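One structure is given here, and the rest of the page talks about it.
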Amino acid sequence: MSPKRSPLKRRYFLGFDGGGTKTDCVLADANGAFVAKSAAGPSNPLRAGYSSAWRALSKAADAVLAQRHLKPGDVRGVCAGIAGAGRESVARRAVESLQRRFPSARVEVTTDLAITLEAAVGQREGIVLVAGTGSAAFGRNAIGQTARSGGYGPWLSDEGSAFDIGRRALAAVVLADERRGPSTALSDQLFKWLDCKEWDDVVAAAMGKPDEVFPRMFPLVAKSAGEGDSVSRKILSGAAESLAALVGSVAERLEMRNRRTSIALAGGTIGRSEFFDGALRAALHRIAPRAYMVSLEMTPAEAAARRAARLAPHKSDA
C-alpha cells in the first residue's frame, strides 16, 4: 500500500498599504480572491516610529488571519507598500520584521506609491499622485523607467498635502488675528475644530503631535472653501498647483509630459472637496494637457496582495 500523502498546505498572501494615517491589510487566497480585510493605525516608520509601525502591521495581519482561522505559517507571500520605504534602511528593517513574523513567506517591501500605481494601471505606464497626510507623485513609462517626486516629509517636502494645507490654514488665522492678513472664516471655527481653548493649546498640540493637528484642518478648509471663504480657496488653489508640479516633475523626467498618458489620483484629500478637486484637475491639465484621468482598479492593499502572490512559487507546497 502506498503511503498516504499529507494534505497540501494552505497558501495565502498578504498585502499591506501602510501610510501616515492608517494601515490597510488584505488577505488573498491561492485563487486570487480577496478573502479578508482589516485596518490598523499608521505604519510610516519615519512619522509613527518603528515600534508603532510594526505594531500596526502586526495588528492588521492578525485581524485578517483570525477572520480565516489561519496561522502565520499559512502565508506564502507578503508585499508591504509602506510610506517611507523609499529609504533603503527603512525597507530593509521592514523586510526583516515581516520575515520573522511570516517565516514561510517570500517578502517584498516597496513604497505605498508603487502599489498605488499598480492599483491604477497594473504594470502598464502611467502616473499616480497621492495626496493625503503627505504628498508625492510616482510614474512609470513604456520602457519601465520610473521616477518619483515629493514624499520626503513635511519639513522638506509634501507640498499640497493635508499637512501642508493645515499648516497654511493655521498660519492664515494667525495673520488674520494680528491684522497682518485678510480675515477668514477659519478664525471662527479653529479652536472648536481642534478642541482647544486658546492659542497656547494649539501651539502645544502642533509642536507635540503635528501629524494629528495639521492634517486634521483639511476638512475645515475644504468646508470653508465650499462656502466661499477666499482665504481657504487660495490655500486649496495653491495646494493644487503644488501637487500638479509634482506630477509635472515626474512627467518631464520620464518624457511623458506631451504624451497621452494616464494619471490616477489617490489619498485622503481626494474626493472630499468639489472646489479642491476642480482646482487640482485644472492644474494637472495645464501641466500635462494630453493626459487623461483614470480611477484605481482596486485598492492599493489589494494590489499589494496580488503582487505578493507573484512572489511565491507557482507549484503548491506538499
When region 234-275 is examined, which residues are found to be under 19 Å from SER224 (Cα atoms), in a loop (DSSP other than H, G, I, E, B), in contact with a Leu (Cβ under 9 Å, 6 or more places away or on another chain) and not polar (S, T, N, Q)? ILE270, GLY271
Picked from region 90-117 (must be among the acidic types (Asp, Glu) and modelled with pLDDT under 95), the residue surrounded by the fewest Cβ atoms within 10 Å (Cβ to Cβ) is GLU96
Among the numbered criteria (1) assigned to a helix (DSSP H, G or I); (2) modelled with pLDDT of 95 or more, which one does LEU190 miss? (2)
Would you tally the residues in region 193-222 being in a loop (DSSP other than H, G, I, E, B) and in contact with a helix residue (DSSP H, G or I) (Cβ under 9 Å, 6 or more places away or on another chain)? 6
Is region 137-144 home to any residue that is β-branched (Val, Ile, Thr), out of contact with any Gly (no Cβ under 7 Å at 6 or more places or on another chain) and assigned to a loop (DSSP other than H, G, I, E, B)? yes
State all residues of region 203-224 that are more than 24 Å from the chain's Cα centre (by Cα) and surrounded by 19 or more Cβ atoms within 10 Å (Cβ to Cβ); if no residue qualifies, say none. SER224
Restricted to region 40-50, and to residues that are of a type outside the set (S, T, N, Q) and in contact (Cβ under 8 Å) with a residue 24 or more places away in the chain, which residue is nearest to ALA66 (Cα to Cα)? PRO42
Out of (1) small (Gly, Ala, Ser); (2) in contact with a Gly (Cβ under 9 Å, 6 or more places away or on another chain); (3) over 17 Å from THR116 (Cα atoms); (4) modelled with pLDDT under 95, the odd one out for SER51 is which? (2)
Any residue at all in region 154-172 that's at pLDDT below 95, of a type outside the set (A, V, I, L, M, F, W, C) and closer than 30 Å to ARG260 by Cβ? yes
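Filter region 276-297 for residues that are small (Gly, Ala, Ser), under 21 Å from LEU254 (Cβ atoms) and in a helix (DSSP H, G or I) and give the result.
Across region 276-297, the qualifying residue is only ALA283.
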Log entry, pairs with first residue in region 134-147 being farther than 19 Å from GLY84 by Cβ, second being surrounded by 24 or more Cβ atoms within 10 Å (Cβ to Cβ), beta carbons closer than 6 Å, six or more apart or on different chains, reads GLY139/ILE127; GLY139/VAL250; ASN141/MET256
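The values are calculated or read from the model by the stated rules, or taken from the named source; none is laboratory data. Everything quoted here is computed from the prediction, not taken from an experiment. Positions of Cβ are backbone-derived with ideal geometry, glycine not excepted, and every protein chain shown enters the neighbour counts.
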